[in-house]
Amino acid sequence: MWIRRIVFVLGAAFAARLGAQIPDDLSARRDDLRALAEGLPRLHANAFHDVSRAEWERAVAALDAAIPSVDREELAVGLMRLVAKIGDGHTSLTPFFNPKLGFHAVGARLYAFSDGIFVRAAEPARRDLVGAKLVAVGGVNVEEAFRRVAETVPHDNDEGLRQVVPMYFGIPEILHGVGLGSPREAAWTLEKDGRRFDVALPGTALLGAGGQGGGGDEHGEEGGWARHGGSGVNGSCKPFSKLSPAVKRRPRGLAPSLARRLR
């Protein structure tokens, strides 16, 4: 089953490597959910340090009830949300490491600065977006969009969210899974030079195929991408990473291979 092939890799964070596509068969989907729901608490050193067992089980039951009515992206995001509920940045379910999940990145990258989230880089055809401020995602204001996506991101502190949520804003399948649009494109509302405008960016770079977005630098960007050299609107603000408080310590997460233990 799909979830039985997840491998958690110990490093700066645990990353789930997904070895097969999410099944369409309802019983197979429920088997996968059961494997995660039973296996993660059993293998984690302290799974309920941040969420109660009762709350975890309610979330599992809600996703199980929704299985007949959700599509594959919504199910994947539901599983991501369950793992994130553990509240451990070292235990994560992410699409970044295996192309078989079939999630994609758009041809622009966002970054959180102290005065907002901005387009930091873009492929040559969309260089006009570089330096624009994000004000909405899927027609929803950026604060509410951030809250929805943050529920899928395992983290130890707010800095983890500030780093990862802007990246997830560029993954249409995740946006669709939290009710922010189509699984094929990311719909952003941006502001630049006193003008507000909407863009629909298709997911084109397969995640996990040689990097976050299929190649290039740390964000999967190919050579020739246009990049924002400053920070936010006035070019003087610092990234959130320079402003964050000391990192909170959390218990270590799962054993290196969940797959071997769940077989």
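Would you say Gly131 is over 23 Å from Asp158 (Cα atoms), among the small types (Gly, Ala, Ser) and in a loop (DSSP other than H, G, I, E, B)?
Numbers: over 23 Å from Asp158 (Cα atoms): yes; among the small types (Gly, Ala, Ser): yes; in a loop (DSSP other than H, G, I, E, B): yes.
Judged against the criteria, Gly131 is a match.
On the basis of being surrounded by fewer than 20 Cβ atoms within 10 Å (Cβ to Cβ), under 17 Å from Glu151 (Cβ atoms) and touching a residue at least 12 places away in the same chain (Cβ under 8 Å), does Ala76 make the cut?
Details: surrounded by fewer than 20 Cβ atoms within 10 Å (Cβ to Cβ): no; under 17 Å from Glu151 (Cβ atoms): yes; touching a residue at least 12 places away in the same chain (Cβ under 8 Å): yes.
Here the answer is no, as Ala76 does not meet what is asked.
What about Phe169, is it of a type outside the set (Ser, Thr, Tyr), within 13 Å of the chain's Cα centre (by Cα) and not assigned by TED's automatic domain parsing to the domain that holds Ala47?
Criteria met by Phe169.
Quick one: which of Gly139, Gly87 is surrounded by fewer than 24 Cβ atoms within 10 Å (Cβ to Cβ), assigned by TED's automatic domain parsing to the domain that holds Phe169 and at positive phi?
Going through Gly139, Gly87 in turn, just one is surrounded by fewer than 24 Cβ atoms within 10 Å (Cβ to Cβ), assigned by TED's automatic domain parsing to the domain that holds Phe169 and at positive phi: Gly139.
Would you check which residues across the range 193-232 are out of contact with any Phe, Trp or Tyr (no Cβ under 9 Å at 6 or more places or on another chain) and at pLDDT 75 or above and list them?
The answer is Asp193, Gly194, Arg195, Arg196, Phe197, Pro202, Thr204, Ala205, Trp225, Ala226, Arg227.
State whether the residues of the range 58-73 include one that is outside the structural domain of Val178 (by TED's automatic domain parsing), crowded, with 18+ Cβ neighbours inside 10 Å, within 30 Å of Arg227 (Cβ to Cβ) and of a type outside the set (A, V, I, L, M, F, W, C).
Scanning the range 58-73, I find at least one residue that is outside the structural domain of Val178 (by TED's automatic domain parsing), crowded, with 18+ Cβ neighbours inside 10 Å, within 30 Å of Arg227 (Cβ to Cβ) and of a type outside the set (A, V, I, L, M, F, W, C), so the answer is yes.
Could you tell me whether Phe118 is buried (at least 19 other Cβ atoms within 10 Å of the Cβ) and either assigned to a helix (DSSP H, G or I) or outside the structural domain of Trp225 (by TED's automatic domain parsing) (or both)?
no
What pairs come up if the first residue lies in the range 34-52 and is in contact (Cβ under 8 Å) with a residue 24 or more places away in the chain and on the phi < 0 side of the Ramachandran plot, the second is among the β-branched types (Val, Ile, Thr) and part of a helix (DSSP H, G or I), and their beta carbons are under 8 Å apart, counting only those six or more places apart or on different chains?
Ala35/Ile3; Leu36/Ile3; Leu36/Val83; Ala37/Val60; Leu40/Val83
Can you pull out every residue in the range 124-142 that is in contact with a strand residue (DSSP E or B) (Cβ under 7 Å, 6 or more places away or on another chain), closer than 17 Å to Arg227 by Cα and not aliphatic (A, V, I, L, M)?
Residues satisfying the conditions are Pro124, Arg126, Arg127, Gly131, Lys133.
If we keep just the residues of the range 176-195 that are in contact with a helix residue (DSSP H, G or I) (Cβ under 6 Å, 6 or more places away or on another chain) and in contact (Cβ under 8 Å) with a residue 60 or more places away in the chain, which is surrounded by the most Cβ atoms within 10 Å (Cβ to Cβ)?
Ala186
Within the range 164-175, does at least one residue satisfy the condition of being touching a Gly at 6+ places or on another chain (Cβ under 7 Å), at pLDDT 95 or above, in a strand (DSSP E or B) and buried (at least 23 other Cβ atoms within 10 Å of the Cβ)?
no
In contact (Cβ under 8 Å) with a residue 40 or more places away in the chain and touching a Ser or Thr at 6+ places or on another chain (Cβ under 7 Å): does that describe Arg81?
So Arg81 passes the test.
The values are calculated or read from the model by the stated rules, or taken from the named source; none is laboratory data. Everything numeric in this text was worked out from a predicted model, so none of it was measured. Here the Cβ is made from the backbone with ideal geometry for all residues, glycine too, and neighbour counts use every protein chain on show.
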